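First up is the structure itself, then whatever we jot down about it.
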Amino acid sequence: MKIKNIFLSALILGTLSTSCTGNFLDEERNPNSLSPSIFWKNEADILKGLTSVYGALQGSGGWAASYERYIVVDNYRSDEVVFRPDVSSWDNIASFVNDPNNGTTEKEWTQLYRGINIANQCLDNIPNVPGETDALVKLKKTAMAEARFLRAYYYYRLYLNYGERVPIYLKQLEGKDEEFYPKQAEPGELISLIETELSEVQKELPTEYDAAGKGCVTTYAAAAILGKFYMFRHELGKAEKEFEKLIGKFELVDNYEDNFDGLHKNNRESIFEVQYSGDRTGGRKEYSNIAEHLVSGNVGGYEEAFPSNWLFDLLKKDLTVDGKYSMRLYGTILFDDPNTKMWYIGEGEHFSDYDGPNKLLWKKFATWDESLSSDWWASAFNIPIVRYADVLLLYAECLNDRGDTSSAIDRINEVRRRARVPELSKTMTKEEVLAHLQNVERPCELAFEGSRWYDLIRWGIVETTLKANGKKFAENYVDTKHKLFPIPRAEFLMNPTWEQNPNFSK
């Protein structure tokens with residue numbers, strides 16, 4: 001049956017994918033050809049296994065994998081995006097008419113469980129790798145913490161998009177019959193798992209790595225994701241304590257666009273980002289094809305999605321202290337303006353030489369530099385999951401919520417100073433600061449980065465906001481239904497007694 005095939009495919013350790021570390025990627029041995037029982041022999045195997053857990057952040061590695069996860073799943077439902085009717089599973093998500101047969105939501109579900117199972121393989125087998133040298137013991141400890149973090153992160157994504165009633169696997173799959181008939185998690189069980197894991201691994205993860213480990217998850221990444229989890233659960237007091245651990249440990253980069261151009265990966269603002277090396281040797285697919293789906297059709301792109309008029313109008317109001325458009329607009333949207341820059345717009349050329357005066361295109365995540373790859377459609381910019389600006393704004397929201405509005409404004413102004421936009425007045429009320437975060441600061445700073453949809457849910461303002469901001473097909477949105485994706489229909493073939501998410505059929 002289909003569901004058995006899904007889980008059996010997760011038994012394989014996974015193809016070698018870029019992790020956070022570098023040297024061992026030169027190895028040619030492919031763990032995909034080895035069974036877990038004979039694979040875990042030495043330090044190199046630990047690194048390769050862990051690499052595959054990180055690799056699951058990229059999705060399946062297939063066509064549009066990164067685009068589907070980080071653009072379609074995380075952005076298409078928000079008021080920031082207008083889509084071009086093309087791929088029906090994407091369109092249905094954006095239009096709030098998706099059902100349990102949707103191929104994109106089924107793929108996301110499957111790939112998250114694949115990542116979870118690879119993490120479980122690491123956790124089950126790393127302790128048994130022979131050797132007791134100080135270096136190996138240290139590596140085992142750190143690798144186990146990294147695998148636990150990544151497993152918790154994949155469960156966090158399941159929680160955001162599929163809710164609590166998902167099966168929990170804490171051991172590697174071995175093909176036993178009972179593994180294909182799991183129980184759904186009881187209310188509170190998944191919440192407890194995510195909270196416990198992200199809290200405990202902070203004690204085991206390092207605060208930083210050497211150059212070879214740049215991009216590996218740190219104790220700060222665990223604190224940031226746990227804080228975001230608490231925000232989603234309306235536990236702002238707990239979230240504040242997590243974010244407080246990061247305050248002063250990171251800095252905003254001077255140039256906003258350095259976070260997205262691929263030339264400044266894992267910079268001092270980065271807390272957690274998906275790694276891409278651009279490597280295509282030996283059949284590797286260490287690149288994101290997000291740009292291919294967003295770039296102008298006049299240079300070979302698909303133009304699958306566009307900035308919404310609401311977002312464009314908002315960013316046009318994001319004026320600097322001298323009355324000019326801010327770097328946040330120019331770093332996010334391409335439009336007919338002399339200061340619009342893009343890799344295919346040559347010296348003396350303008351946006352209007354390629355597209356009409358009323359057209360809007362993405363710039364963020366559509367950039368490219370020849371140093372990243374030989375082909376623009378196979379670029380190697382990383383995808384930021386959490387950066388310091390996001391943490392500052394969430395921390396400000398927590399401070400404001402408990403009445404320390406003055407300190408909240410200070411944190412917001414840190415972000416605004418980087419963009420060179422006027423600082424907020426200290427006379428703003430608690431209600432005005434929250435409204436500013438909801439309607440101005442977070443969408444201006446974090447546009448297209450996968451925050452907006454989940455922000456609207458946790459604020460409880462999805463339906464009113466989508467309609468007010470002219471989201472296409474907002475009239476289809478049902479608050480008691482579309483906050484979550486349905487559990488894929490294929491799951492009910494093996495587990496017909498499972499409960500489906502509210503208002504979806506099995």
Looking at the stretch 331-450, what helices (runs of 4 or more DSSP H) fall wholly within it and have at least 1 residues that are closer than 19 Å to LEU311 by Cβ, out of contact with any strand residue (DSSP E or B) (no Cβ under 9 Å at 6 or more places or on another chain) and open to solvent by 10 Å² or more (accessible area, probe 1.4 Å)? 405-419, 430-436
Residue check: is ALA223 without any contact (Cβ under 8 Å) to a residue 60 or more places away in the chain and out of contact with any strand residue (DSSP E or B) (no Cβ under 6 Å at 6 or more places or on another chain)? yes
Filter result (hydroxyl-bearing (Ser, Thr, Tyr) and part of a helix (DSSP H, G or I)) within the stretch 74-112: SER88, SER89, SER95, THR104, THR105, THR110
Within the stretch 286-305, the residues that are in a loop (DSSP other than H, G, I, E, B) and surrounded by fewer than 21 Cβ atoms within 10 Å (Cβ to Cβ) are ASN289, SER296, GLY300, GLY301, TYR302, GLU303
Listed residues LEU198, LEU170, LEU150; which is of a type in the set (A, V, I, L, M, F, W, C) and more than 26 Å from ARG268 (Cβ to Cβ)? LEU170
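The values are calculated or read from the model by the stated rules, or taken from the named source; none is laboratory data. Since the structure is predicted, the reported quantities are computational estimates derived from the model, not experimental observations. Cβ coordinates were reconstructed from backbone atoms using ideal geometry, including for glycine residues, and neighbour counts include every protein chain displayed. Side chains are part of the model used for accessible areas, which takes the heavy atoms of the whole protein and leaves out ligands, DNA and RNA. Shrake-Rupley method; radii C 1.70, N 1.55, O 1.52, S 1.80 Å.
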